[in-house]
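The values are calculated or read from the model by the stated rules, or taken from the named source; none is laboratory data. These figures come from a predicted structure and were not determined experimentally. Note: ideal-geometry Cβ built from the backbone for every residue, glycine included; neighbour counts use all protein chains shown.
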Amino acid sequence: MALDDRKRAFKVVGTRVPRPDGIDKVTGRALYGADMSAPGMLHGAILRSPHAHARIRAIDTSRAEALPGVKAVVTSADFCRAKHSFNQDALDHCMAREKALYDGHAVAAVAATSKSAARAALELIAVEYEVLPHVTEIEDALKPDAPVVQEDRRARNAPEGTHPNVTHVVSFGHGDLEAGFARADRVIERSFRTAATHQGYIEPHACLASVTPDGRGELWCCTQGHYYVRELCADFLGMDTSQLRVTASEIGGGFGGKTTVTIEPVALALSRKAGRPVKLVMSRDEVFRASGPTVSSWSDIKIGMTRDGRITAAQAMLRYQGGAFPCGTVELGAMSAFAAYDLEAVRADGINVMTNRPRQAAYRAPGAPMAIYAVESTVDELCQELGLDPLEVRLKNAARKGTKSAYGPTFDDIGLVATLEAAKAHPHYAAPLCPNQGRGLSCGFWFNFGGNTCVTLNLDADGTVGVTEGNPDIGGSRASISMMAAEELGIPYDKVRTIVADTASLGFNDVTDGSRVTFAVGLATIEAARDMIRKMCARVAKIWDIDEEAVIWEDGCARPAGPNAGDFEPMSIAEIAAIANKTGGPIAGHHEVNADGAGVSFGVHLVDVEVDPETGHTKILRYTVFQDAGKAVHPDYVEGQMQGGAVQGIGWALNEEYIYGEDGRLQNPGFLDYRIPVASDLPKIDTVILEIPNPGHPYGVRGVGETSIVPPLAALSNAVARAIGARLHELPMSPPRILQALKG
Amino acid sequence: MSRIHVRTTINGDAVEYLCEAGQSLLDVLRDDLGLTGTKEGCGTGDCGACSVLLDGRLVCSCLVLAAEADQRSVETVEGLADGDRLHPLQQKFLDHAALQCGICTPGFLVAARALLEKNPTPSETDVRYWLAGNLCRCTGYDKIVAAVMDAAAQMRKG
Ligand code: FES
Ligand code: FES
């Protein structure tokens, strides 16, 4: 769907209106995953493997079942086989079958009349394990004698002799690399490592399930995609999709980590067996051990540059591990690695390796931060070696309209150059620095996504409008959707109310991911509003007894146009609504689409740090985010996405990491030892929103949710390198690592 | 298992409940009293989502035993507004878009209230350090800090 009009003057879009769910959220009234209860409800609890890798020889649940208050115990035997292998992986992640594949893998679950009874019952379940050798690091998992995490999962396109743990082999690029490197004045090759991190949403996964003996089910859960949850759970329980109704609760953060199932099928199976509703809530320890995290990575980058800063060739080899199951995230890494550059010769290869870790879940721009960290660090090192300004070098090589991207498509209107220019012109770029301080810069990129979307608008008798959409609202999207409906209909924002429907009330919607909601649901809302306007104009044409084409919609009113202009008094939406029952009945607008044209998003981050040479601690002095939003529908929430993503990236760069012991167990499954940034760690995160309209959306909107987590990793690394005069090639840049680098 | 009889005051109302010896105040608030505005993010005192005031002092309700609330007063996010009049902190959180998902918001509001009752003129650094026990993964804290500073300014004006 094309951009309407570049010069369009917006009335509602671009303002900072109050969000509809705000008061509920500041008064404690909003209901999240764990906040719902049902009469007769039981409490569930999950038994998890203490071993990183073990064959499950037998599970004896009889003593647990005999405990007073226990109403059901389930194991993998209580689920169907999934229809597809990808779905089977999702189920096996929720409940281990033959083998426990990582520390924290679920092996059985109970439902009891109290939380304490459920916990006591877990201790009575006897699991007979045969402990197997395990592997948790990429390098180790590629060794010829490494334990095979799962048999028969090797990539079909893998060359002969590839280790069975390698599940994906991908390659992108174009041009003659050899000739490109030959033209360079300087070629460097570097290796980088990034640790696995967790999305770190503050709300643990939680759900309330109720299955009745006639095969019908209700599920309340915190999820980014309740339609997808329904599809998976119905498959695992052998239910018809239509018989399972899933309602998305308010969601306490997801960032990609709530795009799949973790405990929901287990709660449904417990409820079915017990014949009562079951609430299941993960502890924080379980969240760390058995949900999320991201991939960890080990990458090699080779880049050639001329003396004046032109990149002549660029090459990447990415190795990701995404836990104990095949994981395609490396493909997104390889596609995005060089997206910010206009390159004649480029190639990005990638492999994914299985390890005994939890199954990776998406995390904001999945796959991109680690790849772009490696590339942007290498570019920065070349700039240092050749004595070039890192911003000028980015500008010189920047992808722009017409650039054939490294991953294939040719870019349309994109905002990278404008974003770089904005950074160059910003006072931050010229601010003075003192000893032990350094400034870093990095570009970031995300593809963005559109996808399956379905929206209904209902005109109420008083002329106000209800919007029904199907995507959980994580950061204010109900406000943005109402704004776009109000804009299109020409009515005030507070005359629109948007709700997120359950799966039985509206057609299918893809998951809230890929920065898709404001773009795709917005687009469908605008089209649904146009559908409603056409219907209202037709009703008015009938009343006036003129042609439908002779009625136009302006400022919330139908007006006669063309030869009839001025013949009738305009009719407002309220007047049309009031007599709808006499002109043909209720009026609604509807649109369904598999939306295309999401429009990629670029960002540039600037950061100044000061490193304490005594302690190795990095303090952030200044931080500025520049990002192309296409059109910022609600600037507060666009800024919020830019700031939130930046701070998650800061955590990734400086503190956060999954630490596994020799025994294959996660050493830091809690917020005390897995330390995410807190308010006192940070300065103000400044934001500059650029608006380069997306040609694929009527208002020019681009998704903004993900790009912002990409640049901080390299921006921080480049800043630290310049502050201490030595470069780390590994994240996080924790104080001990910085002290080590300072020692040389 | 015999249960403990507790008489307490919650948000100004007299409340009685029976609890297990090992039950946390957070669990009783949420599971037994239906006060689900107080959230659980960790259960180990590390995230601040469960912040409440116990006799006016800021505590993590996940680390307080339900039995300890006997003869004391508890204030939660549900007690912040005065009927339909929002507390200035609540209003400023809305005005500054200081929440995205909102799961951390009750904890931040209760913690910020405790700060402003102690120190009506906090600096931005005071606010950032006082709130360092409250985790927010969505906002990067900027708008939260701005909201608290603005609420403090408004409350000083009265
Ligand atoms: S739930 Fe109490 S501090 Fe996290
Ligand atoms: S708004 Fe989501 S955790 Fe703070």
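Scanning the stretch B:41-51 for residues that are away from ligand 2 (no atom under 12 Å from the Cβ) and more than 7 Å from chain A (Cβ to nearest Cβ) turns up B:GLY45, B:CYS50, B:SER51. For the stretch A:406-459, the set of residues classified as surrounded by fewer than 19 Cβ atoms within 10 Å (Cβ to Cβ), of a type in the set (Phe, Trp, Tyr) and not in a loop (DSSP other than H, G, I, E, B) consists of A:TYR429 only. Residues that are more than 30 Å from A:VAL647 (Cβ to Cβ), within 14 Å of chain B (Cβ to nearest Cβ) and touching a residue at least 12 places away in the same chain (Cβ under 8 Å) occur at least once in the stretch A:119-139. Scanning the stretch A:222-250 for residues that are β-branched (Val, Ile, Thr) and in contact with a strand residue (DSSP E or B) (Cβ under 7 Å, 6 or more places away or on another chain), we see that the one that is farthest from ligand 2 (Cβ to nearest atom) is A:VAL246. Residues that are over 18 Å from A:ALA595 (Cβ atoms) and within 21 Å of the chain's Cα centre (by Cα) were ranked within the stretch A:475-499; the one that is nearest to ligand 1 (Cβ to nearest atom) is A:GLY475. Scanning the stretch B:46-104 for residues that are closer than 21 Å to B:MET155 by Cα, within 14 Å of ligand 1 (Cβ to nearest atom) and polar (S, T, N, Q) gives a single hit, B:THR76. Select from the stretch A:263-289 the residues that are under 15 Å from A:LEU91 (Cβ atoms) and either aromatic (Phe, Trp, Tyr) or within 25 Å of the chain's Cα centre (by Cα) (or both) and write down the one among them that is farthest from ligand 1 (Cβ to nearest atom). Across the stretch A:263-289, the extreme among qualifying residues is A:PRO265.
When each of B:ALA66, B:ALA152 is tested for being touching a strand residue (DSSP E or B) at 6+ places or on another chain (Cβ under 6 Å) and more than 7 Å from chain A (Cβ to nearest Cβ), the lone residue that passes is B:ALA66. Contact map, the stretch B:88-117: residues that are under 12 Å from B:GLY37 (Cβ atoms) and of a type outside the set (Phe, Trp, Tyr) paired with residues that are more than 15 Å from ligand 2 (Cβ to nearest atom) and assigned to a loop (DSSP other than H, G, I, E, B), Cβ distance under 8 Å, separation 6+ or inter-chain. Pairs shown: B:GLN90/B:LEU80; B:GLN90/B:ALA81; B:PRO106/B:THR76; B:LEU109/B:LEU80; B:LEU109/B:HIS87; B:VAL110/B:THR76; B:VAL110/B:LEU80. Residues considered: B:ASN119, B:ASN134. Of these, the only one that is over 25 Å from A:GLY252 (Cβ atoms) and in contact with a Phe, Trp or Tyr (Cβ under 9 Å, 6 or more places away or on another chain) is B:ASN119. Of all the residues in the stretch A:650-686, those that are of a type outside the set (Val, Ile, Thr), more than 7 Å from every other protein chain (Cβ to nearest Cβ) and in contact with a strand residue (DSSP E or B) (Cβ under 8 Å, 6 or more places away or on another chain) number 9. Residue check: is A:VAL149 free of Cβ contacts under 8 Å to residues at least 60 places away in the same chain and β-branched (Val, Ile, Thr)? So A:VAL149 fails the test. Scoring B:LEU53 on the criteria (1) buried (at least 18 other Cβ atoms within 10 Å of the Cβ); (2) more than 11 Å from the chain's Cα centre (by Cα) leaves a single failure, condition (2). Scan the stretch A:14-44 for residues that are more than 8 Å from chain B (Cβ to nearest Cβ) and either in contact with a Gly (Cβ under 7 Å, 6 or more places away or on another chain) or buried (at least 23 other Cβ atoms within 10 Å of the Cβ) (or both) and the total you get is 3. How many of the residues in the stretch B:122-135 are within 7 Å of another protein chain (Cβ to nearest Cβ), crowded, with 19+ Cβ neighbours inside 10 Å and within 15 Å of the chain's Cα centre (by Cα)? Number of matching residues: 2. Here A:CYS454 meets the list (1) touching a residue at least 24 places away in the same chain (Cβ under 8 Å); (2) within 24 Å of the chain's Cα centre (by Cα); (3) within 21 Å of A:ALA365 (Cβ to Cβ) almost entirely, failing just condition (3). Scanning the stretch B:1-43 for residues that are exposed (fewer than 15 other Cβ atoms within 10 Å of the Cβ), out of contact with any strand residue (DSSP E or B) (no Cβ under 8 Å at 6 or more places or on another chain), at pLDDT 95 or above and on the phi < 0 side of the Ramachandran plot returns a single hit, B:ASP13.
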